[in-house]
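The values are calculated or read from the model by the stated rules, or taken from the named source; none is laboratory data. Every value quoted in this text rests on a predicted model; they were computed, and no experiment measured them. A quick note on method: Cβ atoms are made from the backbone with ideal geometry, for glycine too, and the neighbour counts reach across all protein chains shown.
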Amino acid sequence: MSQLTLFSIIAEERRHQTPPIVIKERYERIAITNRPEFDYAAKLHYIMNDIVTTLPEFAHINMERVYVATKKTRKRSNYGMQANIQALRFQDGSPYCSKKGYTWYWPDVYLNDKQLYYIINVFLPRFHNHSFHYKIQTLIHELYHISPFCNGDIRTFGKKRSAHGHSKKKFHLHMSEITDRYLSTVTDMTHFQFLRNSFQYLKRKYSLVLRNVRGMRPVLIKQPAVYTQ
């Protein structure tokens with residue numbers, strides 16, 4: 001048995017010996033009032049679940065494996081990151097990854113007895129201050145990054161494993177086309193109305209709640225260099 005194979009076995013045993021991460025949600029209230037509570041993340045999760053049950057290209061996604069978090073931006077500018085996705089596994093859904101003499105591994109991550117494979121972060125109010133179409137497109141964009149196997153890996157294209165393919169412009173155009181197709185299927189806008197209202201309106205009308213979890217990082221193991229002849 002080679003040293004590399006032996007180390008992989010040891011790394012896998014260590015991962016299983018490591019207790020799973022049971023994450024706790026953190027809540028932040030932007031507007032503390034006696035008005036009804038408004039869970040922005042829960043509303044987004046509902047829309048994303050509708051997207052994956054409506055469009056065939058997202059049928060592989062199990063939203064029970066996806067946590068949607070809302071985070072407050074430090075700056076008021078509408079420019080910058082609107083949302084991102086964190087994968088909780090490596091390439092092909094593997095729990096560990098070796099590179100340049102080091103190995104990282106992901107412990108299992110749970111919330112309310114359900115194992116998570118992805119965390120989608122949405123940054124407010126920056127995300128909300130864009131057009132309705134752009135907001136839906138942003139949600140579809142992040143969902144599209146989920147591996148076709150929904151195994152904790154990111155969907156990639158080509159030999160370089162690019163997340164957006166060889167052209168970001170074409171990728172965004174494709175996301176816009178999917179958004180148009182999805183919106184054409186929506187007949188009841190009740191659950192989407194909050195995205196048409198201004199953020200200031202939501203703050204006035206509701207006790208606005210943001211929820212998220214602490215940052216997740218894989219565990220690092222130092223691996224001695226292995227040379228073969």
Exercise for review: Could you please give the count of residues in region 148-202 that are free of Cβ contacts under 8 Å to residues at least 40 places away in the same chain, of a type in the set (D, E, K, R) and in contact with a strand residue (DSSP E or B) (Cβ under 8 Å, 6 or more places away or on another chain)?
Suggested key: 1
**Study point:** Filtered residues of region 133-161 (kept if outside any helix (DSSP H, G or I), surrounded by fewer than 14 Cβ atoms within 10 Å (Cβ to Cβ) and on the phi < 0 side of the Ramachandran plot)
**Key:** 148, 149, 157, 159, 160
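A quick yes/no check of all residues on (1) modelled with pLDDT of 90 or more; (2) out of contact with any Cys (no Cβ under 6 Å at 6 or more places or on another chain); (3) under 15 Å from residue 84 (Cα atoms):
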| residue | (1), (2), (3) |
| --- | --- |
| 154 | yes, yes, yes |
| 161 | no, yes, no |
| 174 | yes, yes, no |
| 223 | no, yes, no |
Practice item. Kindly indicate whether residue 204 is part of a helix (DSSP H, G or I) and more than 23 Å from residue 48 (Cα to Cα). Key: yes
Exercise for review: Could you tell me whether region 111-132 includes any residue that is over 25 Å from residue 38 (Cα atoms) and over 15 Å from the mean Cα position of the chain (by Cα)?
Suggested key: no
Check your understanding: Among the candidates 23, 9, which residue alone is surrounded by fewer than 16 Cβ atoms within 10 Å (Cβ to Cβ) and at pLDDT below 95?
Key -> 9
Exercise for review: Being closer than 14 Å to residue 121 by Cα and among the basic types (Lys, Arg) is the filter; apply it to region 26-50 and report the residue that is surrounded by the most Cβ atoms within 10 Å (Cβ to Cβ).
Suggested key: 43
Review point. Considering only residues of region 51-64 that are touching a residue at least 24 places away in the same chain (Cβ under 8 Å) and farther than 11 Å from residue 146 by Cβ, which is surrounded by the most Cβ atoms within 10 Å (Cβ to Cβ)?
Key: 51
Revision key, fill the gap. The one condition residue 121 fails out of (1) under 25 Å from residue 203 (Cβ atoms); (2) in contact with a helix residue (DSSP H, G or I) (Cβ under 6 Å, 6 or more places away or on another chain) is (2)
Practice item. Kindly provide the set of residues from region 189-205 that are over 17 Å from residue 122 (Cβ atoms) and crowded, with 18+ Cβ neighbours inside 10 Å, ordered by number. Key: none
**Study point:** Subset of region 39-64 [over 18 Å from residue 135 (Cα atoms), not β-branched (Val, Ile, Thr) and not in a helix (DSSP H, G or I)]
**Key:** 59, 60, 62
Check your understanding: Taking region 162-192 on its own, how many of its residues are over 17 Å from residue 143 (Cα atoms) and in a loop (DSSP other than H, G, I, E, B)?
Key -> 8
